[in-house]
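Contents: one structure, followed by commentary.
Please treat every number below as a calculation from the coordinates, not as lab data. Keep in mind the model is a prediction, meaning the values are calculated, not measured. Using ideal geometry, Cβ is built from the backbone for each residue, glycine included, and neighbour counts are taken over all protein chains shown.
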């Protein structure tokens, strides 16, 4: 087994957890590697032989160390290459974490095969401008279509399978997967959805529209979000990553992706066990 390690050293605990993860893998005689593109900024002293190019093609399993943001970024890259990810929490809540930093002894189960995997649906996000379409990227959590830097509401028309659903006068809308139901959508008042389900959810953000609740669509739906007023600044961001300002007369098209993110589950916790545990930490 060849394991790739992708740590996010901006997290306070990540350095120590990475060192301990390496020690655990060496004890189990598991080969491990790092992405060569991270070599120049790597703050841990590691032999050059452990840095490889095209790491997602080279390894069998990825271990991501950080918080949910870095887990999502890594999982999307892994999904393209159909490689599973074990997420080790070096952040705060980290709903996607498979292990906490004090549970590294359980990595042994990678060898014995005593683990399961969660397949999480993702979304394709496309920008349509006049007659051209450009894939913006994959989305594991959510895509936010919202006002730019001006403190004013925007007008957005929302369509499902070419049928108009509603016009939202709001700060924006969030279109999410079940995995993303505990992220931005939840903060905007949306429900929690079991990630084993296959569906697409739309939640308005601070809307003045009469229809101010979340809407849930089946997995095969194609959602279009189109700004009504071309002079308004509207931006789009997938999974909280780079924000792009839409050009006039453009629209966002969102549909289920053929790619799935695959997370390794070593512990037997169910989704709602994890949810309650993480929320109890927030209340402390």
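On the given criteria, is residue 12 touching a residue at least 60 places away in the same chain (Cβ under 8 Å), surrounded by fewer than 17 Cβ atoms within 10 Å (Cβ to Cβ) and not in a strand (DSSP E or B)?
Criteria met by residue 12.
Surrounded by 15 or more Cβ atoms within 10 Å (Cβ to Cβ), on the phi > 0 side of the Ramachandran plot and in contact with a helix residue (DSSP H, G or I) (Cβ under 8 Å, 6 or more places away or on another chain): does that describe residue 144?
Judged against the criteria, residue 144 is not a match.
From the list 130, 102, pick out the single residue that is on the phi > 0 side of the Ramachandran plot and out of contact with any helix residue (DSSP H, G or I) (no Cβ under 7 Å at 6 or more places or on another chain).
Of the residues listed, the single one that is on the phi > 0 side of the Ramachandran plot and out of contact with any helix residue (DSSP H, G or I) (no Cβ under 7 Å at 6 or more places or on another chain) is 130.
Taking residue 193, is it on the phi < 0 side of the Ramachandran plot and out of contact with any strand residue (DSSP E or B) (no Cβ under 6 Å at 6 or more places or on another chain)?
In short, yes.
Tell me, yes or no, whether the range 21-35 has at least one residue that is under 11 Å from residue 65 (Cα atoms) and surrounded by 11 or more Cβ atoms within 10 Å (Cβ to Cβ).
Yes; the residues of the range 21-35 include at least one that is under 11 Å from residue 65 (Cα atoms) and surrounded by 11 or more Cβ atoms within 10 Å (Cβ to Cβ).
For the list (1) more than 28 Å from residue 40 (Cα to Cα); (2) in a helix (DSSP H, G or I); (3) in contact with a strand residue (DSSP E or B) (Cβ under 6 Å, 6 or more places away or on another chain), I need the number of the one condition that residue 109 fails.
(3)
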